[in-house]
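So the structure is just underneath, and the comments pick up after that.
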Amino acid sequence: MFGPERGPRFSKFSELVADDLRGRMARGEVRPGEHLPPESELMDVYGVARPTMREALRILESESLIVLRRGSHLGPLVQEPDTRVLARQAGLRLQMQGTSVRDLLEARAVMEPGAVALAAAHRSGSDLRGMRDCLLAAARSRSILDFSRPSAEFRILVVRSSHNRTLILMAELVSALLRKEHEAVLRKIPEAAGQQLIRQSLARYERLTDLIENQDVRGAVAFWQDNGAADIELGTDNTPQPGPMLTVYS
């Protein structure tokens, strides 16, 4: 099952081994929750020494593709990539390019209406229950900062209801990149203004959920195009605007 395949040249054998194992995970030959063969068996299969094998496994561990458990008789545990790791990698590149927070918000504003259309067309009963439960949790928020997490989660749940995996990944990455900026803005909002923003946001989310539940594709898209940007994360006339530059690494 395991063994090197032909492919591009790598500067190190460890990179070749890591890429081959990564490819097998991507093709579903070994799935999250399953174990790779033990280290000694992998060494024999790939014909490499222990330091090379360990370096290859550390590469995959740094990408959150495997979990190494010292002393276990089982091989490394395969897991799905952590969105936070992907966000850090994407965020580093964006920050090095001088990307603004506004740039991310504009990308989200372009992406979300399409996701809303798919959500209204394809949502399931489970999707709707998830959105309703999230709104109930959001309504119990004591402060605007407490509200920020269920607010962000609701927007992700809407995109997940589209059942489009590419959109879901993009939305999760953007949300993760914006979290630090959002919290910095929300900490500066007075309590009274924060409570008002919570009520306004909940009303928008509830209306959107109703439109999605009724499978009103045009109505849902039109509503979110008009109201999706009017969010606590963007700021309003009474709240500070997000910083001009993305600061994943400050």
Look at the range 168-195 and say how many of its residues are open to solvent by 60 Å² or more (accessible area, probe 1.4 Å) and either of a type in the set (S, T, Y) or free of Cβ contacts under 8 Å to residues at least 24 places away in the same chain (or both).
-> 2
Does L135 satisfy being in contact with a Phe, Trp or Tyr (Cβ under 9 Å, 6 or more places away or on another chain) and surrounded by fewer than 15 Cβ atoms within 10 Å (Cβ to Cβ)?
-> no
Assess whether R84 counts as being basic (K, R), modelled with pLDDT under 95 and closer than 27 Å to V174 by Cβ.
-> yes
Flagged in the range 42-64 as of a type in the set (A, V, I, L, M, F, W, C), open to solvent by less than 30 Å² (accessible area, probe 1.4 Å) and within 15 Å of L77 (Cα to Cα), in numbering order, are L42, A56, L57, L60
Could you identify the single residue in E80, E106, E39 that is under 18 Å from D20 (Cβ atoms) and open to solvent by 30 Å² or more (accessible area, probe 1.4 Å)?
-> E39
Within the set of pairs 6+ apart or on separate chains, which have a first residue in the range 86-101 that is closer than 24 Å to E61 by Cβ and of a type outside the set (S, T, N, Q), a second that is surrounded by fewer than 14 Cβ atoms within 10 Å (Cβ to Cβ) and at pLDDT below 90, and C-beta atoms under 8 Å apart?
-> G91/Y249; L92/Y249
If R155 passes every condition in (1) touching a helix residue (DSSP H, G or I) at 6+ places or on another chain (Cβ under 9 Å); (2) open to solvent by 20 Å² or more (accessible area, probe 1.4 Å); (3) of a type in the set (D, E, K, R) but one, which one does it miss?
-> (2)
Among the residues of the range 146-161, is any among the acidic types (D, E), modelled with pLDDT of 90 or more and under 19 Å from L86 (Cβ atoms)?
-> yes
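The values are calculated or read from the model by the stated rules, or taken from the named source; none is laboratory data. Because the structure is a prediction, the values reported are computed rather than measured. Cβ atoms come from the backbone with ideal geometry, glycine included; neighbour counts cover every protein chain shown. What goes into the accessible areas is simple: the full protein's heavy atoms, side chains included, and nothing from ligands, DNA or RNA. Shrake-Rupley method; radii C 1.70, N 1.55, O 1.52, S 1.80 Å.
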